[in-house]
Amino acid sequence: MIDGTGAPAREADVSVSDGRVVAIAARSARPARREIDARGQVVAPGFIDIHTHSDFTLPLNPRAESKIRQGVTTEVVGNCGFSVAPTLPGRAATLREYLASSAPWLTFRETTFGDYVENFPATAVNVILQVGHNTLRLMTAEMENRPVTAAELATMERLLQEALAAGAWGMSSGLFTAPGSYADAAEIHALARVLGRHGATYASHVRDEANSVHEAVREAIAVAETTGVHVQIAHLKLSGMDNWGGAERLLAEIDAARRRGLAVDCDAYPYDTASNPLRNLFPRWVMDGGIGSMLERLRRPEVRTRLRGEIAREGLNNFGRIPSWDAVRVAVAPRLPEEAGHTFGDIAHRRRVEPFDAVCDFVIEDRGETRILVTSMSDKDVHAISATPWVTVGSDANALATSGITSQGKPHPRSYGTHARLLGPFVRDLRLLTLPAAIHKTTGAAARALRLTDRGVLREGAWADIAIFDAERIADRATYDSPHQYAVGVSTVIVNGDVVIDGADHTGALPGRLLRRA
Ligand SMILES: [Zn+2]
């Protein structure tokens, strides 16, 4: 048993009753309805995927297959500023269009956050909901590139307050892309003060992860400093060739803030490749006025000339300079599904056009709904961040399944592999960190960052979220070419005392709960 605190493994029997861990003892003499022989395996707290977008797929895949099979028992959703609620009257189509590149198969309807919480489906995993700042801004100032008015800010504060009262854990922001990128620090601080009044948290996809990543991380830290609210910096990375090798310096900056006593945490996924809507690689002004304006703009030769120049000088928005368009490949393209897996180098060659024009044409043909993978990080930085014991683990990905509606395209393998890759190959083969340290990152450290007091550590009285796996076998199988493959090595997963993965099969049980702040 490895308890999630970072302490070494010890031999123990774990007894569970009524959804809780009731005893941990060297030898249990309790009579039990069922015994699971886990000799030779690791019994750990269920993993907490602290940064995900499974709100886009759990209604379609409530069994949370790709996550639960890795041992994930809790997912934090509503990240990067994106949430599917609240949706004000008359705004469902706008939100659908805005989120289609992330949630192509989801149905959008008008809803308050309260109704959204009430109607959230039963799922295999526990779920922590957040409300997205980009969604709040879309509901008030739409896609306009300007500061919000006092009245609009008041509306956003009211919507945030309603969401928090209805059960949202906190607010996420996505300052790297429109319309979140149109917000200044004062707007974020005003909303963070609302979070502070509710004891809620702030998670940020910071304003830039490439050439201005240090300034962007400082902007996030300043929210904790100014408002006292807990800040979670999402999927920490250094994107773009000009920034490779900077992980130690960036980690030192966050560590220094933590040592000053600021409530700052961060998370990361163990891959050198990111995933995003294709249109987000363009400078932010391209989306001014919304998707329709963007599509119209991209047809104009003079706009393409300006764009080509800006990208040549400054690199891609949020991702910086990449070696070539071969580093960008299509993940999911609703209108061009046969292109999934192809790079823009390939596509341009086949179409006999310049790669940059192939990208612009593709955005137009797929109406801005294409999702891509971009290989923009260095292994050295990914390893340094993954090896850091206080950096928690967030896949940044949806719960998918190898069959059904979510099995389409060539999505990022992190949906299937994040936790298994860290606990298997990163511990066993790369020896970046010890197994108890890796487990702590994805359990106890995550629970502490979330202020979750009764999960993330195996101890008497805690909720019985448990993952049992073979430390010699646990591994990711999903690859960029063949992403729809479940991780291996996890034999049993228990959520709130109910067995969901039993001998590597899904029992169909949906014992997850929507977790609310105490
Ligand atoms: Zn993000």
List every residue pair whose Cβ atoms lie under 6 Å apart, where the two residues are 6 or more positions apart in sequence or sit on different chains, the first residue falls within region 52-81 and is in contact (Cβ under 8 Å) with a residue 24 or more places away in the chain and farther than 16 Å from THR392 by Cα, and the second residue, located anywhere, is of a type in the set (Ser, Thr, Tyr) and more than 16 Å from the ligand (Cβ to nearest atom).
THR57/THR406; LEU58/THR123; LEU60/THR406; ASN61/THR406; PRO62/THR123; ALA64/THR123; SER66/TYR416; ARG69/TYR486
Odd one out for ALA224, checked against (1) more than 22 Å from the chain's Cα centre (by Cα); (2) modelled with pLDDT of 95 or more; (3) within 18 Å of HIS205 (Cβ to Cβ)
(1)
Unique match (being free of Cβ contacts under 8 Å to residues at least 12 places away in the same chain and out of contact with any helix residue (DSSP H, G or I) (no Cβ under 7 Å at 6 or more places or on another chain)) among ARG218, ARG197:
ARG197
I'm trying to understand the selection: among the residues of region 362-414, which are more than 16 Å from the ligand (Cβ to nearest atom), touching a strand residue (DSSP E or B) at 6+ places or on another chain (Cβ under 8 Å), of a type in the set (Gly, Ala, Ser) and farther than 26 Å from PRO436 by Cα?
GLY368, GLY409
Within region 261-298, tally of residues that are more than 22 Å from ALA203 (Cβ to Cβ), within 15 Å of the ligand (Cβ to nearest atom) and not in a helix (DSSP H, G or I):
0
For a quick check of your reading: which strands (runs of 3 or more DSSP E) sit entirely within region 30-81 and have at least 1 residues that are of a type in the set (A, V, I, L, M, F, W, C), within 24 Å of ASN134 (Cβ to Cβ) and within 16 Å of the ligand (Cβ to nearest atom)?
72-76
Spot the failing condition for GLY409; the list is (1) surrounded by fewer than 22 Cβ atoms within 10 Å (Cβ to Cβ); (2) in a helix (DSSP H, G or I), and only one is missed.
(2)
Can you report the number of residues in region 343-385 which are under 19 Å from the mean Cα position of the chain (by Cα), surrounded by fewer than 21 Cβ atoms within 10 Å (Cβ to Cβ) and polar (S, T, N, Q)?
1
For region 89-115, give me the residue count where each residue is surrounded by fewer than 19 Cβ atoms within 10 Å (Cβ to Cβ), farther than 13 Å from LEU160 by Cα and out of contact with any Pro (no Cβ under 7 Å at 6 or more places or on another chain).
12
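The values are calculated or read from the model by the stated rules, or taken from the named source; none is laboratory data. Here the structure is a predicted model, which means the values were calculated and not measured. All Cβ positions, even for glycine, are placed from backbone atoms using ideal geometry, and neighbour counts span all protein chains on display.
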